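Below: one structure, written as C-alpha coordinates.
The values are calculated or read from the model by the stated rules, or taken from the named source; none is laboratory data. Just so we're clear, the structure is a prediction, and the values are computed from it rather than from any experiment. Neighbour counts run over all protein chains shown; Cβ positions are idealised from the backbone, glycine included. Only protein heavy atoms, including side chains, enter the accessible area calculation; ligands, DNA and RNA are left aside. Shrake-Rupley method; radii C 1.70, N 1.55, O 1.52, S 1.80 Å.
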Amino acid sequence: MITKIWLFPGLNMKVETFGQLQRYLEQQGYNTQCVAIFPPLGQVQMDYEAEAAENEEWICIGHGAGCLEAIRVALQYKSRVKGLVTISPNLQPYSILQMSMLKILARKDMKINGGLSPFERSSKEELTPYFDTFAVQPSKMLELEAFRKELKGKIQDVNQPWLVLYGDKELPSIMKSLQLIKRQVPGVQSCQMPHCGHYLPVEDPRGLDKQIRTFLSQIVVNV
(Lines give C-alpha, C1' and ligand atoms only; values in the text may rest on other atoms or scores of the structure.)
Protein backbone atom coordinates (compact mmCIF):
# COMPACT_ATOMS: atom_id res chain seq x y z
CA MET A 1 0.00 0.00 0.00
CA ILE A 2 1.31 3.46 -0.98
CA THR A 3 0.66 6.30 1.46
CA LYS A 4 0.16 9.74 -0.06
CA ILE A 5 -0.01 12.82 2.14
CA TRP A 6 -2.00 15.86 1.01
CA LEU A 7 -0.88 19.17 2.57
CA PHE A 8 -3.31 22.10 2.55
CA PRO A 9 -1.89 25.48 3.71
CA GLY A 10 -4.25 28.15 5.04
CA LEU A 11 -5.24 31.47 3.51
CA ASN A 12 -2.08 33.31 4.52
CA MET A 13 0.29 30.35 4.63
CA LYS A 14 2.33 29.93 1.46
CA VAL A 15 3.02 26.45 0.18
CA GLU A 16 6.65 26.96 1.24
CA THR A 17 5.66 27.22 4.92
CA PHE A 18 5.02 23.48 4.87
CA GLY A 19 8.51 23.01 3.40
CA GLN A 20 10.21 21.47 6.43
CA LEU A 21 7.29 19.15 7.15
CA GLN A 22 7.11 18.11 3.51
CA ARG A 23 10.86 17.41 3.36
CA TYR A 24 10.65 15.37 6.57
CA LEU A 25 7.74 13.29 5.26
CA GLU A 26 9.49 12.61 1.96
CA GLN A 27 12.63 11.53 3.84
CA GLN A 28 10.42 8.98 5.58
CA GLY A 29 9.38 7.63 2.19
CA TYR A 30 5.97 9.27 1.85
CA ASN A 31 4.59 10.66 -1.39
CA THR A 32 3.43 14.23 -0.65
CA GLN A 33 1.55 16.92 -2.53
CA CYS A 34 1.02 20.45 -1.23
CA VAL A 35 -2.05 22.23 -2.62
CA ALA A 36 -2.88 25.91 -2.06
CA ILE A 37 -6.62 25.41 -2.16
CA PHE A 38 -7.78 29.06 -1.82
CA PRO A 39 -5.63 31.26 -4.12
CA PRO A 40 -6.69 34.09 -4.16
CA LEU A 41 -9.57 32.94 -2.00
CA GLY A 42 -10.99 31.01 -4.94
CA GLN A 43 -11.35 27.33 -4.10
CA VAL A 44 -9.39 25.10 -6.46
CA GLN A 45 -11.50 22.29 -7.89
CA MET A 46 -9.43 19.11 -7.91
CA ASP A 47 -10.20 15.62 -9.13
CA TYR A 48 -8.40 13.77 -6.35
CA GLU A 49 -9.35 10.34 -7.66
CA ALA A 50 -7.72 11.13 -10.98
CA GLU A 51 -4.47 11.69 -9.08
CA ALA A 52 -4.68 8.39 -7.20
CA ALA A 53 -3.01 5.06 -7.78
CA GLU A 54 -5.15 1.97 -7.18
CA ASN A 55 -3.11 0.86 -4.17
CA GLU A 56 -2.93 4.31 -2.58
CA GLU A 57 -4.16 5.48 0.81
CA TRP A 58 -4.23 9.11 1.91
CA ILE A 59 -3.44 11.22 4.94
CA CYS A 60 -4.83 14.79 4.89
CA ILE A 61 -3.00 17.57 6.76
CA GLY A 62 -4.39 21.11 6.78
CA HIS A 63 -3.66 24.41 8.49
CA GLY A 64 -6.24 27.13 9.21
CA ALA A 65 -8.65 27.38 6.28
CA GLY A 66 -6.75 24.51 4.67
CA CYS A 67 -8.27 22.32 7.40
CA LEU A 68 -11.64 22.79 5.70
CA GLU A 69 -10.44 21.09 2.54
CA ALA A 70 -8.68 18.37 4.55
CA ILE A 71 -11.95 17.62 6.37
CA ARG A 72 -13.94 17.71 3.13
CA VAL A 73 -11.61 15.22 1.45
CA ALA A 74 -11.80 12.94 4.50
CA LEU A 75 -15.59 13.00 4.30
CA GLN A 76 -15.79 12.50 0.54
CA TYR A 77 -13.18 9.76 0.21
CA LYS A 78 -13.75 7.72 3.35
CA SER A 79 -12.26 4.51 1.95
CA ARG A 80 -9.03 6.22 0.86
CA VAL A 81 -8.35 8.69 3.68
CA LYS A 82 -6.82 6.81 6.60
CA GLY A 83 -6.09 9.77 8.85
CA LEU A 84 -6.67 13.50 9.30
CA VAL A 85 -4.48 16.19 10.90
CA THR A 86 -5.87 19.69 11.37
CA ILE A 87 -3.58 22.46 12.60
CA SER A 88 -5.43 25.40 14.19
CA PRO A 89 -8.78 24.61 12.55
CA ASN A 90 -11.46 27.30 12.55
CA LEU A 91 -15.06 26.13 12.17
CA GLN A 92 -16.59 29.16 13.87
CA PRO A 93 -18.62 31.70 11.87
CA TYR A 94 -17.84 35.37 12.08
CA SER A 95 -19.87 37.51 14.45
CA ILE A 96 -22.84 39.49 13.13
CA LEU A 97 -20.71 42.65 13.18
CA GLN A 98 -17.90 40.97 11.29
CA MET A 99 -20.26 39.49 8.72
CA SER A 100 -21.87 42.91 8.20
CA MET A 101 -18.47 44.36 7.40
CA LEU A 102 -17.72 41.46 5.05
CA LYS A 103 -20.96 42.09 3.17
CA ILE A 104 -20.14 45.79 2.85
CA LEU A 105 -16.68 44.92 1.55
CA ALA A 106 -18.13 42.41 -0.90
CA ARG A 107 -20.78 44.80 -2.18
CA LYS A 108 -18.44 47.77 -2.66
CA ASP A 109 -15.36 45.68 -3.48
CA MET A 110 -13.38 47.81 -1.04
CA LYS A 111 -9.75 47.31 -0.12
CA ILE A 112 -8.38 47.46 3.40
CA ASN A 113 -5.21 49.50 3.85
CA GLY A 114 -4.85 49.87 7.59
CA GLY A 115 -6.86 49.12 10.73
CA LEU A 116 -10.50 48.19 11.07
CA SER A 117 -12.00 50.82 13.37
CA PRO A 118 -15.52 49.25 13.44
CA PHE A 119 -14.18 46.19 15.24
CA GLU A 120 -13.23 45.82 18.86
CA ARG A 121 -9.72 44.74 19.79
CA SER A 122 -10.37 40.99 19.88
CA SER A 123 -11.98 41.11 16.45
CA LYS A 124 -9.09 43.13 15.06
CA GLU A 125 -6.66 40.49 16.26
CA GLU A 126 -8.65 37.76 14.55
CA LEU A 127 -8.97 39.71 11.30
CA THR A 128 -5.39 40.98 11.09
CA PRO A 129 -4.16 37.98 9.06
CA TYR A 130 -6.95 38.59 6.54
CA PHE A 131 -6.13 42.20 5.58
CA ASP A 132 -4.23 41.10 2.47
CA THR A 133 -6.93 38.55 1.70
CA PHE A 134 -9.64 41.21 1.67
CA ALA A 135 -7.50 43.38 -0.58
CA VAL A 136 -7.29 40.55 -3.11
CA GLN A 137 -10.96 39.62 -3.41
CA PRO A 138 -13.20 40.36 -0.40
CA SER A 139 -16.36 38.81 -1.84
CA LYS A 140 -14.73 35.38 -1.77
CA MET A 141 -14.70 35.44 2.03
CA LEU A 142 -18.47 35.02 1.98
CA GLU A 143 -18.08 31.84 -0.08
CA LEU A 144 -15.53 30.60 2.42
CA GLU A 145 -18.00 31.23 5.26
CA ALA A 146 -20.63 29.13 3.47
CA PHE A 147 -18.07 26.33 3.03
CA ARG A 148 -17.16 26.57 6.73
CA LYS A 149 -20.82 26.41 7.79
CA GLU A 150 -21.48 23.37 5.60
CA LEU A 151 -18.56 21.41 7.04
CA LYS A 152 -19.39 22.40 10.61
CA GLY A 153 -22.61 20.40 10.30
CA LYS A 154 -20.85 17.31 9.01
CA ILE A 155 -17.82 16.81 11.23
CA GLN A 156 -19.62 14.16 13.31
CA ASP A 157 -19.40 11.94 10.20
CA VAL A 158 -15.60 11.89 10.22
CA ASN A 159 -14.72 8.32 11.20
CA GLN A 160 -10.97 8.30 10.49
CA PRO A 161 -8.32 8.81 13.18
CA TRP A 162 -8.12 12.58 13.70
CA LEU A 163 -5.42 14.68 15.35
CA VAL A 164 -5.95 18.38 16.16
CA LEU A 165 -2.85 20.50 16.88
CA TYR A 166 -3.06 24.03 18.28
CA GLY A 167 -0.94 26.58 20.12
CA ASP A 168 -1.34 27.65 23.73
CA LYS A 169 -1.77 31.24 22.51
CA GLU A 170 -4.46 30.44 19.96
CA LEU A 171 -7.28 32.69 18.77
CA PRO A 172 -10.54 32.27 20.72
CA SER A 173 -12.30 30.99 17.58
CA ILE A 174 -9.79 28.13 17.30
CA MET A 175 -10.40 27.08 20.89
CA LYS A 176 -14.17 27.14 20.32
CA SER A 177 -13.66 25.01 17.22
CA LEU A 178 -11.63 22.50 19.23
CA GLN A 179 -14.41 22.23 21.81
CA LEU A 180 -16.94 21.68 19.03
CA ILE A 181 -14.82 18.96 17.39
CA LYS A 182 -14.35 17.17 20.71
CA ARG A 183 -18.10 17.18 21.34
CA GLN A 184 -18.96 15.95 17.86
CA VAL A 185 -16.07 13.47 17.44
CA PRO A 186 -15.33 11.97 20.89
CA GLY A 187 -12.39 9.88 19.64
CA VAL A 188 -10.42 12.83 18.28
CA GLN A 189 -6.87 13.29 19.57
CA SER A 190 -5.58 16.77 20.40
CA CYS A 191 -2.28 18.30 21.43
CA GLN A 192 -1.51 21.81 22.65
CA MET A 193 1.87 23.13 21.48
CA PRO A 194 3.60 25.40 24.03
CA HIS A 195 4.72 28.96 23.25
CA CYS A 196 2.84 28.99 19.93
CA GLY A 197 0.01 30.95 18.38
CA HIS A 198 -1.83 30.31 15.12
CA TYR A 199 1.14 29.57 12.85
CA LEU A 200 2.57 26.28 14.12
CA PRO A 201 4.30 25.30 10.84
CA VAL A 202 6.44 28.42 11.22
CA GLU A 203 6.64 28.78 15.00
CA ASP A 204 7.55 25.20 15.95
CA PRO A 205 8.19 23.06 12.85
CA ARG A 206 10.22 20.49 14.81
CA GLY A 207 7.50 20.04 17.40
CA LEU A 208 4.97 19.75 14.60
CA ASP A 209 7.07 17.07 12.88
CA LYS A 210 7.27 15.11 16.12
CA GLN A 211 3.53 15.15 16.76
CA ILE A 212 2.69 14.15 13.20
CA ARG A 213 5.34 11.40 13.22
CA THR A 214 3.80 9.92 16.36
CA PHE A 215 0.31 10.08 14.85
CA LEU A 216 1.41 8.46 11.59
CA SER A 217 3.11 5.63 13.46
CA GLN A 218 -0.29 4.76 14.94
CA ILE A 219 -2.28 4.67 11.72
CA VAL A 220 0.00 3.85 8.78
CA VAL A 221 0.72 0.15 8.36
CA ASN A 222 4.01 0.49 6.49
CA VAL A 223 5.73 2.88 8.92
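Annotations for the structure displayed:
- Scan of segment 172-223 for residues that are over 22 Å from residue 151 (Cβ atoms), in a loop (DSSP other than H, G, I, E, B) and open to solvent by less than 50 Å² (accessible area, probe 1.4 Å), ordered by number: 196, 197, 204, 220
- Residue under evaluation residue 136, criteria (1) hydrophobic (A, V, I, L, M, F, W, C); (2) at pLDDT below 90; (3) touching a helix residue (DSSP H, G or I) at 6+ places or on another chain (Cβ under 9 Å), criterion not met: (3)
- Of the residues making up segment 76-95, those that are over 12 Å from residue 64 (Cβ atoms) and open to solvent by 10 Å² or more (accessible area, probe 1.4 Å) are 76, 77, 78, 79, 80, 82, 92, 93, 94, 95.
- Residue 154 vs. criteria modelled with pLDDT of 85 or more, basic (Lys, Arg) and out of contact with any helix residue (DSSP H, G or I) (no Cβ under 9 Å at 6 or more places or on another chain): no
- Subset of segment 47-68 that is open to solvent by 30 Å² or more (accessible area, probe 1.4 Å) and of a type in the set (D, E, K, R) - its residue that is nearest to the chain's Cα centre (by Cα): 47
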